1. Is there a residue in the stretch 50-64 that is part of a strand (DSSP E or B) and either touching a strand residue (DSSP E or B) at 6+ places or on another chain (Cβ under 6 Å) or within 21 Å of Glu201 (Cα to Cα) (or both)?
2. Pairs only if they're at least six apart or on different chains, beta carbon under 8 angstrom, first in the stretch 45-66 and of a type in the set (Lys, Arg), second in a helix (DSSP H, G or I); list them, first residue then second.
3. Within the stretch 166-177, does at least one residue satisfy the condition of being touching a helix residue (DSSP H, G or I) at 6+ places or on another chain (Cβ under 8 Å), among the acidic types (Asp, Glu) and at pLDDT 95 or above?
4. If I filter the stretch 81-112 down to residues being surrounded by fewer than 20 Cβ atoms within 10 Å (Cβ to Cβ) and modelled with pLDDT of 90 or more, which single residue comes out as nearest to Phe141 (Cα to Cα)?
5. Yes or no: Glu101 part of a helix (DSSP H, G or I) and among the acidic types (Asp, Glu)?
6. Only one residue in Ala34, Ala29, Ala12 is in contact with a Cys (Cβ under 6 Å, 6 or more places away or on another chain), under 13 Å from Val185 (Cα atoms) and among the aliphatic types (A, V, I, L, M), so which one is that?
7. So His82 fits all but one of (1) closer than 16 Å to Val159 by Cα; (2) touching a strand residue (DSSP E or B) at 6+ places or on another chain (Cβ under 7 Å); (3) free of Cβ contacts under 8 Å to residues at least 24 places away in the same chain; (4) not aromatic (Phe, Trp, Tyr); what number is the exception?
8. Could you check the stretch 151-186 and list, in sequence order, the residues that are more than 16 Å from the chain's Cα centre (by Cα), assigned to a helix (DSSP H, G or I) and touching a residue at least 40 places away in the same chain (Cβ under 8 Å)?
Amino acid sequence: MDRRILRLVAIADGDTLAGRDYVECCRAAVRGGATSIQVRMKHGDSGLMLSMTEKLVDQLTVPVIVNDRLDVAILGGAHGVHVGARDVAVAAARRLCDTREVIVGVSVGDIHEARGAIRDGADYWGVGPVYFTGSKIDAGFALGVEGFGRLRDMAPQGVPVIAIGGIDSANCRQLIECGADGVAVIAALFEKQDVEGAARELISAIESVS
């Protein structure tokens with residue numbers, strides 16, 4: 001897969017957006033430099049999630065990845081799905097996708113999950129939480145930069161690894177320097193009124209390392 005699409009993953013969380021226009025906020029993130037959008041609606045209606053996915057696939061110029069919900073990803077024509085350790089297995093996701101080339105990413109938070117990701121052949125790893133995050137209450141203990149680096153080093157050659165959890169424009173540079181292919185961000189983008197400006201600030205910090 002093209003690892004450039006993971007440079008700045010904007011995770012559009014329904015709760016974080018708190019009633020704001022979901023599609024427009026995602027469009028703003030892309031205008032600011034987000035390289036892909038992840039649709040995340042932990043407490044949203046399935047029909048709404050599907051509708052938003054379809055609209056984003058139709059309107060955006062970057063890949064759309066659906067969090068957890070493989071059914072929504074398939075029905076909505078998304079480019080990929082991101083699954084957690086307790087969600088549908090990577091291998092099962094591939095079978096259900098049939099002949100479609102769908103990106104399958106997986107969350108990795110410890111050595112056990114890293115070994116599972118290696119076994120199942122995920123297309124990319126989302127490692128974290130690196131820092132404390134209030135966006136995912138069951139995310140586990142913060143790994144820190146060193147912990148992130150240890151798990152990143154376990155990834156097979158050629159598999160992109162992105163950092164997630166408490167990431168903002170002030171700390172993302174350190175993670176890129178540590179070897180992250182990109183970062184996934186919720187609050188530092190979608191808690192801001194100026195989503196486009198926040199994305200510009202993040203991508204500027206990321207690209208300053210290159």
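1. Within the stretch 50-64 (the criterion being part of a strand (DSSP E or B) and either touching a strand residue (DSSP E or B) at 6+ places or on another chain (Cβ under 6 Å) or within 21 Å of Glu201 (Cα to Cα) (or both)), the answer is yes, since at least one residue qualifies.
2. Taking only residues 6 or more apart or on different chains, the pairs are Lys55/Val23.
3. yes
4. The extreme case among them is Asp110.
5. Taking the combined requirement at face value, the residue does not satisfy it.
6. Ala12
7. Status for His82: all satisfied but (3).
8. Hit for the stretch 151-186 is Leu151, nothing else.
The values are calculated or read from the model by the stated rules, or taken from the named source; none is laboratory data. Because the structure is predicted, anything quoted here is derived from the model rather than measured. So basically every Cβ, Gly included, is an ideal-geometry build from the backbone, and we count neighbours across all protein chains shown.
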